[in-house]
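**Student:** Got a structure for you, written out below as structure tokens; questions coming shortly.
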Amino acid sequence: MTVNHPVASRATYYEKIARSGMAPLWESLHTLVPKTPQPKALPAIWRYSQVRDLVMQAGAVISAEEAVRRVLVLENPGLPGKSSMTPNLYAGLQLILPGEIAPSHRHTQSALRFIVEGKGAWTAVNGERTTMHPGDFIITPSWTWHDHGNPSIEDGGEPVVWLDGLDIPLVAQMDASFAENYPEATQPVARPEGHSFARFGHNMAPVRYCASDSTSPIFSYPYERTREALETLRRGGELDEWDGVKLRYVNPTTGSWPMPTIATFMQYLPRGFEGRTYRSTDATVYCVVEGTGCVKIDKDEFTFAPHDVFVVPSWVPVQLSASTESVLFSYSDRPVLDALNLLREDRS
Ligand code: 1HN
């Protein structure tokens, strides 16, 4: 027998249980457990031709020293006030001018730098500096001291802009943020440039090295090498119908992701490429390195050009096409989804 409870009494009842810190699950069950992901993050693009001047103008507004990090946060329009590009990841464009230092600090958030424009600036991690060139992918592992610098104009310094990718929203969600400033502006240089790459960047490792860290011991992945790999594979002619030629960056000592929370990729699309539609539960941020084309993200369609940044939220269908030979860098929260058995891909 069905008992009909009077609807009118529900509101009163809800108010009453609210005063005891309770709420009726049956009113929110569908929203709490949707049948498919319902991302609040929206597809969006930041065209470099439109934001470059604004980034450069930041150089006249504040120094790197005063700002600590002179960054324009790229905030997803669907996540206002959250300083987030996706629910788990942050993106920003950082500018460092000749002669400047961004002082040393460390935090539990992992960071990547993807060099957009300019060369010759350096970043230091674990006592080693690495020089930046466009297209280089550089890692700042969690809880490592890091400072950035740029040679003076007399020493050939030029403005350098890079895309910062961090797991800030994820770490905030976990209430696991710790940060400290280093007592000096820069950490001491303890090793010559190229030391880590010599130890781990040639399919070799120091003889008694045992991988124990969840972050790659290589902290700079030069574009020159990445581009060469893509070029060789392109000549081999094997194209994935969805991805073109797509490689993931690895921690060479484990074969796993370079960082525990962020996956990074580089892909090549030949001229005229029209990719098949794809979706996955990792939300991905792209940065165009070379070429022009178009990305369809659900109902949105964006043309892209070098240095543009665009975002594809979880489970939203995406299709890439290239008008000219294109190279795209991307990063996502895939390691997190993978580790939690929440990664789903749809390549139908
Ligand atoms: C940070 O430490 C850097 O070290 C860049 O360059 C962006 C955004 C939020 C928190 C820390 C950097 C950051 C950041």
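**Student:** Just to verify a result, which residue in the stretch 70-94, among those that are closer than 13 Å to residue 111 by Cα and open to solvent by 10 Å² or more (accessible area, probe 1.4 Å), is farthest from the chain's Cα centre (by Cα)?
**Tutor:** 88
**Student:** Looking at the stretch 35-45, can you tell me whether even one residue there is without any contact (Cβ under 8 Å) to a residue 24 or more places away in the chain and open to solvent by less than 100 Å² (accessible area, probe 1.4 Å)?
**Tutor:** No, the stretch 35-45 has no match at all.
**Student:** Here's another thing I want to ask about it. How many residues, within the stretch 150-175, are open to solvent by less than 50 Å² (accessible area, probe 1.4 Å) and either free of Cβ contacts under 8 Å to residues at least 24 places away in the same chain or touching a helix residue (DSSP H, G or I) at 6+ places or on another chain (Cβ under 9 Å) (or both)?
**Tutor:** Summing the residues that are open to solvent by less than 50 Å² (accessible area, probe 1.4 Å) and either free of Cβ contacts under 8 Å to residues at least 24 places away in the same chain or touching a helix residue (DSSP H, G or I) at 6+ places or on another chain (Cβ under 9 Å) (or both) in the stretch 150-175 gives 4.
**Student:** Do you know which residues across the stretch 186-220 are open to solvent by less than 60 Å² (accessible area, probe 1.4 Å) and in contact with an Asp or Glu (Cβ under 7 Å, 6 or more places away or on another chain)? Steps first, answer last, please.
**Tutor:** Pass one, the stretch 186-220, residues open to solvent by less than 60 Å² (accessible area, probe 1.4 Å): 186-187, 194, 196-197, 200-201, 205-206, 211, 215-220.
Within the stretch 186-220, 186, 187, 196, 220 qualify.
**Student:** Would you please name the residue that is nearest to the ligand (Cβ to nearest atom), looking only at residues in the stretch 50-79 that are assigned to a helix (DSSP H, G or I) and β-branched (Val, Ile, Thr)?
**Tutor:** Per the stated criteria, the residue is 55.
**Student:** Hey, another quick one. Scan (1) in contact (Cβ under 8 Å) with a residue 40 or more places away in the chain; (2) open to solvent by less than 90 Å² (accessible area, probe 1.4 Å) for the single condition residue 28 breaks and write down its number.
**Tutor:** Just one mismatch for residue 28, condition (1).
**Student:** Restricting attention to the stretch 46-63, report how many residues are free of Cβ contacts under 8 Å to residues at least 60 places away in the same chain, small (Gly, Ala, Ser) and either in contact with a Leu (Cβ under 6 Å, 6 or more places away or on another chain) or closer than 30 Å to residue 292 by Cα (or both).
**Tutor:** 1
**Student:** Exactly one condition in (1) of a type in the set (S, T, N, Q); (2) within 30 Å of residue 340 (Cα to Cα); (3) in a strand (DSSP E or B) is not met by residue 38; state its number.
**Tutor:** (3)
The values are calculated or read from the model by the stated rules, or taken from the named source; none is laboratory data. Just so it is clear, the model here is predicted, and its values are computed rather than measured. Ideal geometry is used to build each Cβ from the backbone, glycine not excepted, and the neighbour counts take in all protein chains shown. These accessible areas exclude ligands, DNA and RNA; they are computed on the full protein's heavy atoms, side chains included. Shrake-Rupley method; radii C 1.70, N 1.55, O 1.52, S 1.80 Å.
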